[in-house]
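Shown next, in structure tokens, is the structure this report addresses.
No value in this document is a laboratory result; all are computed from the given coordinates. From a predicted model like this one, the values you see are computed outputs, not experimental measurements. Note: ideal-geometry Cβ built from the backbone for every residue, glycine included; neighbour counts use all protein chains shown.
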Amino acid sequence: AEAPTPDYPPEMTEEIHYERMNPARIKRDLLQRARIRPSKINNANFEALESAFDWELSHVIEKPGSLQAVDTELNRHLLGFQVVDEKGKWRFAYAELAANPDPDTESLGGNDLIVGSEAFYPGRKHLRNVVAVLFGGRGSDDKQYRGIQIDYDQASEKANKEHAPDKLHSEFIPIDSPGVAAAVARRRLNLQKQGVRMIEWSTRLKFAYLQI
């Protein structure tokens, strides 16, 4: 997602507190603080995001800094990113592991792509066999957090297991919310299990919603 430079807005000196808020509402507030007009936010998309993630998250921004850094850290929990859709409005695209292709989605033809713009990423060849989410603390010291971890199961489509943890230090998940931490960990593990595949290309703005 795009956001202001690290020193913007320069007049921001008060602390910003998000207390037990839905991630969609936090993201909407960050956009508005970045001076994105409400008319430029895809309301239906953010309402769907609020329904998809009924989590209560907390965070404190204590000093002026990059709103993008806060937003990016939140995206690591949701496994998604913000884009501008074909109508010029901000929306959030996230991994829907159980979703089926929409039969009404427009298809791309050869004339819709800019020649030579395609890039293919096969995804991880190995599954990290443990996902650990540390929550309820601040900073990078594991001892400041409560932790939860989930191991892989034998249902993975990948034959090789990488004996290294996928670790997330969360300053958003309250210490009394192990259920939210478990949900984040399960999504991160499932994304690896199912084998991420990504294609990038350049095309007309009308197809911007296909970026995930």
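In plain terms, the chain from I16 to A44 could stretch by 7.5 nm, reckoned as 0.36 nm per residue minus the Cα-Cα distance. The stretch between V60 and A182, if pulled fully straight at 0.36 nm per residue, gains 41.7 nm over its current Cα-Cα span. Spin-label model, D151/S202: points 7 Å from Cα along the beta carbon direction are separated by 4.8 nm.
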